Every structure is written in structure tokens, then in C-alpha cells.
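Notes for the one structure printed next.
What follows draws every value from the coordinates through simple rules; no lab data is involved. Given the structure is predicted, the values throughout are model-derived calculations rather than measurements. Note that we place each Cβ from the backbone using ideal geometry, even for glycine, and neighbour counts take in every protein chain shown.
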Amino acid sequence: MSWIVGLLLITGAFFAFVAALGVNRLPDFYMRMHAATKAGAFGASLLLVASAIHFGSMRAVITALLIIGFFYLTTPIAAQTLAQVAYRKKVPLWDKTGRDQLAEDEKED
Amino acid sequence: MESEFAVYFDELGTPLAIATLIGSLFLLAAFGLALVRIIKGPTAFDRIVALDLIGGICLCAMIFFAVHFDQQVLMDAAFAIALVSFIGTVAFARYLGGGEQ
């Protein structure tokens, strides 16, 4: 059982590391936000599953499920709010970005 | 004092201890990378995203503490961190929006 917990711990921490790597290396604010929210939430949920297996009690399982649910509910909301404000404030896109569909839609309206 | 260290050395070879060590090194590297982005981020939005990620990394570190020291209470601390991190990010976004919406 401790092998499963250890494997989940390493995998979750690795996903948190990938999220930070994306935040550090990607060229654009929007891409950075995409890396931080998706990979970060997935890594945290893997770690929570690991801790739920490790403790094995009802309380730990419920706490872990609560945190996972809360995390997956709130991370997209925070990211969407932030991206909306950033787009309105005209944070520049990467100069190699192919198309800006939101700008095209707003031009059509 | 000495006996506590002896316990840790006994547990040093178990798979859980090795996984905790490797995982904490990953988390430390992630923390450093996010901190670099906070220092050099061109706009305030980049800094907020990195700060949000650091909140998530703190949550991960809290779970590592909970598993390593067998303290189930620390999972509640992780829940509190998740809550505060979300509220902080949304508050920062609204503040930078300037109340135009």
C-alpha cells in the first residue's frame, strides 16, 4: 500500500513541478495561466488521493474529496475572472499567436 | 532528542520516505520557478498567476507534511489554504479590473 501512496505522491509533486515549469517558461500570460491552473489542480488532486489512501479513515477520505471538489470548482472561476480582466486591460498576446477569436467575434457584433 | 532522529533514520529506507524526499524536491523546484516568475513577470497578472500557483504548492506541501508526520489535522489546514488562495486571486483580479464590470 505504501508503494501506491509513494507513487501518487511523486506523480502529484511532478505535476506541480510541470505547472511551475510552464509558468516560468511559456511566452504569454494566457499560456502561463493555462499551465498553472490545469496541471496545478491535477497535481494537488493526486496528492489528496494519496493522503486519503495513506490515512484510510472516513474523515480523511471526506476531507480529500471536499478539497478536490472545491479546487476543481474554484480554479476555473479564478482563472476565468483573471483572464477576462487581463484581456480587457489589453495584456498582449504572444506575437506568434495564430488568431484571436474573441477580437474577431467582437468585430462582427 | 536523539531518539526522534533515530526513528527518522530507521524509516529512511522505506518507500514512503523515499517518495516524500523526491516529491519535496520537486515541490521545492516548483516553488523556485514560480518565485522567479513573480520577480520578473512583465505584468501584474503574471505575478498573480504565479502567486496562485504558489498557493497550490503550499497546499501540496501541507499534504506532504500530513503524510510524513502522520498528522491528519494538517489536511484541514490544506483546505483552509485552498479557500484563502481562491478568494485572494479573485480579489486581486477584481481590484486590477478597476471595478469597471
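Residue check: is residue A:32 free of Cβ contacts under 8 Å to residues at least 12 places away in the same chain and either more than 7 Å from every other protein chain (Cβ to nearest Cβ) or touching a His at 6+ places or on another chain (Cβ under 7 Å) (or both)? Even if it seems obvious, please write down each step before you answer.
Details: free of Cβ contacts under 8 Å to residues at least 12 places away in the same chain: yes; either more than 7 Å from every other protein chain (Cβ to nearest Cβ) or touching a His at 6+ places or on another chain (Cβ under 7 Å) (or both): no.
Considered against the rule, which asks whether it is free of Cβ contacts under 8 Å to residues at least 12 places away in the same chain and either more than 7 Å from every other protein chain (Cβ to nearest Cβ) or touching a His at 6+ places or on another chain (Cβ under 7 Å) (or both), residue A:32 comes out as no.
Could you list all residues from the stretch B:70-101 that are closer than 25 Å to residue A:52 by Cα, of a type in the set (D, E, K, R) and part of a helix (DSSP H, G or I)?
B:76
Quick one: would you say residue A:73 is more than 10 Å from chain B (Cβ to nearest Cβ), assigned to a helix (DSSP H, G or I) and loosely packed, with under 12 Cβ neighbours inside 10 Å?
Details: more than 10 Å from chain B (Cβ to nearest Cβ): no; assigned to a helix (DSSP H, G or I): yes; loosely packed, with under 12 Cβ neighbours inside 10 Å: yes.
Answer is no for this residue.
I need a count of the residues in the stretch A:2-29 that are at the interface with another protein chain (Cβ under 7 Å from one of its Cβ atoms) and of a type in the set (Val, Ile, Thr).
Qualifying residue count, the stretch A:2-29: 3.
Look through the stretch A:76-92, keep the residues that are buried (at least 17 other Cβ atoms within 10 Å of the Cβ) and more than 7 Å from chain B (Cβ to nearest Cβ), and return whichever of them is farthest from the chain's Cα centre (by Cα).
First pass over the stretch A:76-92, keeping only residues buried (at least 17 other Cβ atoms within 10 Å of the Cβ): A:78-79, A:81-83, A:85-86, A:91.
From the residues that got through so far, the ones that are more than 7 Å from chain B (Cβ to nearest Cβ) too are A:79, A:83.
Details: A:79: 9, A:83: 14 Å.
Step by step, filter the stretch A:76-92, then rank; the result is A:83.
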